[in-house]
1. Go through the stretch 113-127 residue by residue and turn each phi into a ³J(HN,Hα) via Karplus (6.51, -1.76, 1.60, θ = phi - 60°); whole Hz please, and just put x for glycine and proline.
2. Obtain the nm distance between the two label points defined at Ile140 and Asp41 by a simple spin-label model: each point lies 7 Å from its Cα along the Cα-to-C-beta direction.
3. What order do you get for 31-38, 213-220 when each peptide is scored by the mean count of other beta carbon atoms within 10 Å, highest first?
4. Pull up all non-local amide H partners of Leu126: gap of 5 or more, or a different chain, and H-to-H distance under 5 Å with H placed in the peptide plane.
5. In nm, what is the difference between 0.36 nm times the number of residues separating Thr15 and Ala69 and their Cα-Cα distance?
6. Could you list which residues have their amide H under 5 Å from that of Val33, counting only those 5 or more apart in sequence or on another chain, with H placed in the peptide plane?
7. Tally Lys/Arg at +1 and Asp/Glu at -1 over every other residue whose Cβ is under 14 Å from the Cβ of Pro228; what's the total?
8. Please compute the length gained on full extension between Arg179 and Ala58, using 0.36 nm multiplied by the number of residues separating them and subtracting their Cα-Cα distance.
Amino acid sequence: MATTHTENLTERMDTYPTASGGTVASTVPVGAVYAAGSRLDRAASLVEGAVVLDEEVAPNAPWSAVVSAGHVLTIVDVGGNQSADCLLYNADDLEERYSVPDTLTWQGNAYVRTGTVLRSNEGRPLMTVVANEIDRQDTIGGACGKESNTLRYGHHVMFHHGCRENFLAEASRRGLGVRDLVSNLNWFMNVPVEPDGALGIVDGMSAPGRRVAVRADMDVLVMVSNCPQMNNPCNDFNPTPLRMIVVDPRSPGSAGPRSAQGSGTREGAA
């Protein structure tokens, strides 16, 4: 599909095939990417160190890599308000993985901020947020998927792939499957918790070039879905890239200029 503007979402109607052999019409574009003229800021690592990985995740796409203990991953919100759904696993024992209840219980807070320790289902630190350029990060909003899209928005979006589908595609490369998908982080997504406990998915607090940096406390498999959601404002209705930079802060060097796409060393690549 071509570029997307919020004001254009109701101006066109496209027809898509269904699994049963019929068709369904929708005004919501599939596979849309950022509009021409969108401001993009690829920024640099939030932490100084020798760069061991520098890759860009295309709009709507999945990504994964192993981040070694002590290394720091900076995730750059290149276009602003682009939800980066994220799962974490102990790279040496994939049965140990990110746990929302353990993370929130240990810190006694519903939000992820600088200093938050991202804990596993065994209560152990997987990663720690060492720097963060937006007020709060979400870990209770969950991931979108074909089933939840259909339930929330209607059968005209049942053909949309979501973060769940991205996770499953990337998980298959890592020897993981459906049973290994758990509740996730949503970097740069704004999910406020109201006084009565209600949750919302609202306009983001991020901007082009805003970043979050997390340090690996063990060797961690990081899996990300550059969210393809087009039915709510979590992506500002304008899916944009993410930049993933891993540095070794124990080695001399700096984030430096962005390497050409695909030219960076892929740490832990399959």
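The values are calculated or read from the model by the stated rules, or taken from the named source; none is laboratory data. On a predicted model such as this, the values are computed, not experimentally measured, just so you know. Cβ coordinates were reconstructed from backbone atoms using ideal geometry, including for glycine residues, and neighbour counts include every protein chain displayed. Side chains are part of the model used for accessible areas, which takes the heavy atoms of the whole protein and leaves out ligands, DNA and RNA. Shrake-Rupley method; radii C 1.70, N 1.55, O 1.52, S 1.80 Å.
1. Working through the residues one at a time gives 9, 4, x, 5, 8, 8, 9, 8, 5, 9, x, 8, x, 8, 8 Hz.
2. 2.9
3. Averaged packing, sorted descending, gives the order 213-220, 31-38.
4. Placed amide hydrogens put Leu118, Arg119, Ser120 under 5 Å from Leu126.
5. Result for the pair: 14.7 nm of gain on full extension.
6. Thr4
7. -2
8. 40.9 nm
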